[in-house]
Amino acid sequence: MTTHEDTMSTVITNIATLVTNDPSLGDNSPLGLVRDAAVVIDGDRIAWTGESSKAPATDNRVDAGGRTVLPGFVDSHSHLVFAGDRTEEFNARMSGRRYSAGGIRTTVAATRAATDGQLEANLTRFLAEALRQGTTTFETKSGYGLTVEDEARALRVAAAHTEEVTYLGAHIVAPEYAEDPAAYVELVTGEMLDACAPHARWIDVFCEKGAFDGDQARAILTAGKARGLHPRIHANQLSHGPGVQLAVELDAASADHCTHLTDADVDALANGSTVATLLPGAEFSTRAEWPDARRLLDAGVTVALSTDCNPGSSFTSSVPFCVALAVRDMGMTPDEAVWSATAGGAAALRRTDIGRLTPGARADLTLLDAPSHVHLAYRPGVPLVAGVWRNGTRVV
Ligand SMILES: [Zn+2]
């Protein structure tokens, strides 16, 4: 908060396990683990990491008490600008009905009817909830407005809280255009794009049966690229489709969901620079088939793990919960899941300043009340996050 604090240096010592995500700083594993470690924060940056006994002198000292420090989670996929509640839909689905993309319309109606203040209050509440669970960077999307004014409004609200803002006018075809989807694509790539591009970094499309097909998705993402927005795609969530290959073709930063993949899809991801972002909260909350993380990792694909936090298909803001699911049900090792929830999320946002604890990186750290990061999967559902620093300031 104060300039005084910003210029102070702090050492966190007595860290039993430090996750740096830099193999050269630690044990040569991808997590770059350092045992009996210390981290020095100078202003809003990491200044030093290494063994406790070698830590340089600093102004302040924090004793981690033999616990774990890892990079703050990077949640690269959420939908937090919304109003309303879909408890009844969830309850019905858990009683045996299948999920279909149309449920989004319920949230669209509630979001359009909400005031700016209500949307902002809702967003702020979920961001605080995520922060308490160790998330220091989050991407969030529009997609519940589906009019020029409501999409631009959602992005303005989001941009006040994060730099990772995604224009998702192409979430579903707006109800008013149900009989003329081509006209909606024209709106999304024309007037709506003009109003939204100044507030966003990314453009996204839900490429799925019942939402947008491959040709529509290509047109939307290409139009966004021409306006300086970088693509990411909701791809291959509910069925096989062209989304993943389109993502690689357009150099999207991420193809998100990746639940139904052919061998050609996996090959395309392995040979391209698009990250596969897996969102197990969605499969959990819809009782759907899990994405096969093991298959992707074995093929050499870069994998991120995120929450997909949204009121319909994945109403969790907890990255630790997703880590536990990924380990239990998607074939990931605890190390891989922790990497994917930190460095993987950063890769999915094409960021190199977050997702790792190395000199020069942003001082975003999570302190776990556990002797190692493995406890995130070993102790599912337990609130292990005991402290969070963002931009060098302790916020939890
Ligand atoms: Zn999503």
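The values are calculated or read from the model by the stated rules, or taken from the named source; none is laboratory data. As the structure is a computational prediction, the values presented were derived from the model and not from experiment. A quick note on method: Cβ atoms are made from the backbone with ideal geometry, for glycine too, and the neighbour counts reach across all protein chains shown.
The figures follow:
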{"read-out": "Qualifying position, being of a type in the set (Ser, Thr, Tyr), in contact with a strand residue (DSSP E or B) (Cβ under 7 Å, 6 or more places away or on another chain) and surrounded by fewer than 23 Cβ atoms within 10 Å (Cβ to Cβ), among Thr302, Thr333", "value": "Thr302"}
{"read-out": "Selected residue [over 20 Å from Ala158 (Cβ atoms), surrounded by 20 or more Cβ atoms within 10 Å (Cβ to Cβ) and assigned by TED's automatic domain parsing to the domain that holds Pro311] from Gly134, Gly103", "value": "Gly134"}
{"read-out": "Scope segment 178-201; condition buried (at least 16 other Cβ atoms within 10 Å of the Cβ) and over 20 Å from Ala154 (Cα atoms); matching residues", "value": "Pro181"}
{"read-out": "Subset of segment 261-290 [outside any helix (DSSP H, G or I), within 15 Å of the ligand (Cβ to nearest atom) and out of contact with any His (no Cβ under 7 Å at 6 or more places or on another chain)]", "value": "Val275, Ala276, Leu278, Ala288"}
{"read-out": "Filtered residue count, segment 188-211, keeping only those that are of a type in the set (Asp, Glu) and within 16 Å of the ligand (Cβ to nearest atom)", "value": "2"}
{"read-out": "Sole residue being at pLDDT 95 or above, assigned to a strand (DSSP E or B) and within 26 Å of Asp256 (Cα to Cα), chosen from Val74, Val11", "value": "Val74"}
